[in-house]
Number of protein chains: 2
Amino acid sequence: MTPAEELARLRLARTDGIGPATFRRLLDRHGTATAALDALPRAAAAAGKPLTPFPEAEAAREAEALDRLGGLFLHLGLPGYPPLLARLEDAPPVLAVLGDRSVLLRRQVAVVGTRAASAAGRRIAEELAAGLTTAGLVVTSGLARGIDAAAHTGALGAHGRTVAVIAGGLDEPYPPENAPLQARIAAEGGAVVAESPLGTAPLARHFPRRNRIIAGLSLGVVVVEAAARSGSLHTARIAVEAGREVFAVPGSPLDPRCKGSNDLLRQGARMVETAEDIIGELPEAPLEIPLFRPRPAPPAPEIPPAPAPAPADAPGQVLEMIGSTPVAVDDLVRRCHLSAPAVRAILLDLELSGLVEQLPGDKVARAAR
Amino acid sequence: MTPAEELARLRLARTDGIGPATFRRLLDRHGTATAALDALPRAAAAAGKPLTPFPEAEAAREAEALDRLGGLFLHLGLPGYPPLLARLEDAPPVLAVLGDRSVLLRRQVAVVGTRAASAAGRRIAEELAAGLTTAGLVVTSGLARGIDAAAHTGALGAHGRTVAVIAGGLDEPYPPENAPLQARIAAEGGAVVAESPLGTAPLARHFPRRNRIIAGLSLGVVVVEAAARSGSLHTARIAVEAGREVFAVPGSPLDPRCKGSNDLLRQGARMVETAEDIIGELPEAPLEIPLFRPRPAPPAPEIPPAPAPAPADAPGQVLEMIGSTPVAVDDLVRRCHLSAPAVRAILLDLELSGLVEQLPGDKVARAAR
């Protein structure tokens, strides 16, 4: 990939209104981020909604700043990007990484849990992490207080590798007291990973996105202590949906910090008392087969040809056929007398303009306003 | 039942070498305990091994002593005998009971666990017992230190009913410090149950037999805290084999007192955090349909007729066909040219003489010496 295309990818990923799924569709359609960026103003104008590409100079500044920190970007679909994470439908288009990025290609197990951990819970997390790394696994967690920090510490204490996924930018360690731990992870053979740009202070909305990366990187997620409705349960749910193993450590019913983890066991999570309970249940690491494969810059033969220009009022016609009830894209194609590629191009524009939502099962619906 | 037959039942049950399964077969064959006792010396002589009926005077003394204590006997197969317990293949032929025996006919849940309980475990046992009795269930346990005592205490504290099954005789409370608790259970609407005769100090070998009664009385068994290889797991195993529900309370992997209960969860026991987790999972109490039905004194038509006298050397011939590998009784019948009832009568004699063991699946084998 050329440096220019790499910068274009960063710009596209950083553009407001373009999430991971849209990024993926744009790249599918246009072949390169450069082409997608070029088409962006036109697509947005067609639907009457501005969609401003992220400024090139700003993206260049971020790349330089990351370089100065000793970090680098990993691009979805390119070598070095964690293959299991790439299997998520909403895999981050770009990750910023500090430390040894090669650990991201190794078999990882997430060890997560409550910030308000008990001393016993922290000890369990440390011992599990030590046992997992001793068995050659990488321990992944979220650098939070409590269980997360204990998991990282336990891995480092056993001279093992650990991955911290953080919610803000790489230069915004959170919580502040774990800044030394973050530095230690990067320095001692582990990796620190962020989806957010440098300079991003972590906000509540970043944590669910961080959780999906933790789950996506890992063969399995171990929940050590978790209250009801905690973030760790969110991570576990994503793991289930992504077909990863979910493990939980049992705890006393008198301790509310164990309610969520016990609930997981009740729902069928595997019980963990020692690292052996995890190691034996992990699948062999799948080979590096990301579901997403970037198209070469000049579209390859299997790429659908650019759609024949649709009539000027086609987007409006298509939009009129879409209500709040999800409708299959195939049905739309049949009803609007346009080619399938033309309809899909219009739908992408409508989605970018915020008028239409793409839904699972290749359906669309009017976006809730 | 006549007082004489009642005394004969007690004598037969107390006779050395006659366990619950043999008791049942003898009663099946002879119709009454009186007839079985009469036949006993003959049967034993046939196999060359003495089998002395329990002395009548001694049985009478035990009955009087129990009466003085305010207790009474419950005979398997007669009204008042706990119907769920009667479903065990090795249900005790006779139980001695103090207190209100009617609670034994009500829906019971066993709450058991380790003697070396944690304060948290005792509190959980108390709360579960209180919740179960408040819902109208009877809490059954083993009067041991720790979890058992907490379960009884929790039930009494909620003005509920509780059943204590003890390993020794009713006049031998164990452990001694729980003698006041035993007295309180009998006085406050509960019942204390013993299979052992009065005056029996509890020995190690009595506890597994006590455990089977706890499991047999109950719709389900809840294990609160249990180390690996503990008696509570034995109780849980019997419950599984008898088709009862098994529940366990989760606990920290750092606490060895939770190893056994966590193992139960791993093996599929239902997780318990509150009494509601138990109540909703209990089957409706089966109606009083003991699998064992005593035959009326003159054998009813469905009783197989007394076997035609077998040749004098028949027992020896049958015995020769039985080795250490279990063999099906049906096969023996086919091979020895005797009627099935005759073979079964010989096998019963051989069993009483200790030469042959009856095994599950209607098989027999040479008894290990």
statement: If we keep only residues of the stretch A:357-369 that are under 21 Å from the mean Cα position of the chain (by Cα) and part of a strand (DSSP E or B), then the residue surrounded by the most Cβ atoms within 10 Å (Cβ to Cβ) is A:358
- prompt: Quick one: how many residues across the stretch A:217-270 are assigned to a strand (DSSP E or B) and free of Cβ contacts under 8 Å to residues at least 40 places away in the same chain?
  reply: 5
- request: With respect to residue B:155, determine if the residue is open to solvent by less than 10 Å² (accessible area, probe 1.4 Å), under 17 Å from residue B:276 (Cβ atoms), at pLDDT 95 or above and in contact with a strand residue (DSSP E or B) (Cβ under 7 Å, 6 or more places away or on another chain).
  value: yes
Qualifying positions in the stretch B:247-258 - surrounded by 19 or more Cβ atoms within 10 Å (Cβ to Cβ) and more than 7 Å from chain A (Cβ to nearest Cβ): B:247, B:248, B:257, B:258
field: Selection status of residue B:30, crowded, with 18+ Cβ neighbours inside 10 Å and without any contact (Cβ under 8 Å) to a residue 12 or more places away in the chain
entry: yes
field: Total residues in the stretch A:14-26, condition within 12 Å of residue A:63 (Cβ to Cβ) and aliphatic (A, V, I, L, M)
entry: 0
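Residue by residue, here is whether (1) more than 20 Å from residue B:114 (Cα to Cα); (2) surrounded by 24 or more Cβ atoms within 10 Å (Cβ to Cβ) holds:
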site: B:167; (1), (2): no, yes
site: B:174; (1), (2): no, no
site: B:185; (1), (2): yes, yes
site: B:188; (1), (2): yes, no
site: B:191; (1), (2): yes, yes
site: B:243; (1), (2): yes, no
task: Return the residue satisfying two criteria in turn: it lies in the stretch A:161-220 and is among the charged types (D, E, K, R) and touching a Lys or Arg at 6+ places or on another chain (Cβ under 8 Å), and of such residues it is nearest to residue A:15 (Cα to Cα).
output: A:195
- line: For residue A:122, the lone unmet condition from (1) away from chain B (no Cβ under 14 Å); (2) open to solvent by 10 Å² or more (accessible area, probe 1.4 Å) is (1)
Some residue of the stretch A:211-226 being polar (S, T, N, Q), under 23 Å from residue A:134 (Cβ atoms), at pLDDT 95 or above and surrounded by 22 or more Cβ atoms within 10 Å (Cβ to Cβ): yes
query: What do you reckon, is residue A:218 touching a strand residue (DSSP E or B) at 6+ places or on another chain (Cβ under 8 Å) and polar (S, T, N, Q)?
result: yes
- prompt: Considering only residues of the stretch A:55-91 that are surrounded by 17 or more Cβ atoms within 10 Å (Cβ to Cβ) and in a loop (DSSP other than H, G, I, E, B), which is modelled with the lowest pLDDT?
  reply: A:77
task: Go through the stretch B:269-286 and count every residue that is within 11 Å of chain A (Cβ to nearest Cβ) and surrounded by fewer than 14 Cβ atoms within 10 Å (Cβ to Cβ).
output: 1
message: If I filter the stretch A:214-246 down to residues being within 14 Å of chain B (Cβ to nearest Cβ) and of a type in the set (Gly, Ala, Ser), which single residue comes out as farthest from residue A:273 (Cα to Cα)?
response: A:228
query: Residue check: is residue B:143 under 22 Å from residue B:257 (Cα atoms) and crowded, with 24+ Cβ neighbours inside 10 Å?
result: yes
- request: Considering each of B:354, B:316 in turn, give the residue that is at pLDDT below 80, surrounded by fewer than 20 Cβ atoms within 10 Å (Cβ to Cβ) and closer than 21 Å to residue B:50 by Cβ.
  value: B:354
query: Any idea which of (1) buried (at least 17 other Cβ atoms within 10 Å of the Cβ); (2) of a type outside the set (A, V, I, L, M); (3) under 22 Å from residue B:85 (Cα atoms) is the one residue B:208 doesn't satisfy?
result: (1)
- request: Search the stretch B:326-342 for residues being more than 28 Å from the chain's Cα centre (by Cα) and of a type outside the set (D, E, K, R), and hand back the single one that is nearest to residue B:41 (Cα to Cα).
  value: B:342
- request: Within the stretch B:109-131, identify whether any single residue is closer than 30 Å to residue B:59 by Cα and either without any contact (Cβ under 8 Å) to a residue 12 or more places away in the chain or hydrophobic (A, V, I, L, M, F, W, C) (or both), and answer yes or no.
  value: no
- request: Quickly run through the stretch A:259-268 and pick out the residues that are open to solvent by less than 40 Å² (accessible area, probe 1.4 Å) and within 10 Å of chain B (Cβ to nearest Cβ).
  value: A:261, A:262, A:263, A:265
query: Condition test on residue A:164, is it among the small types (Gly, Ala, Ser), closer than 24 Å to residue A:107 by Cβ and in contact with a strand residue (DSSP E or B) (Cβ under 7 Å, 6 or more places away or on another chain)?
result: yes
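The values are calculated or read from the model by the stated rules, or taken from the named source; none is laboratory data. All values reported here derive from a predicted model rather than from experimental measurement. Heads up, the Cβs are rebuilt from the backbone with ideal geometry, glycines too, and the neighbour counts pull from every protein chain shown. We work out accessible area using only protein heavy atoms, side chains counted, and drop any ligands, DNA or RNA first. Shrake-Rupley method; radii C 1.70, N 1.55, O 1.52, S 1.80 Å.
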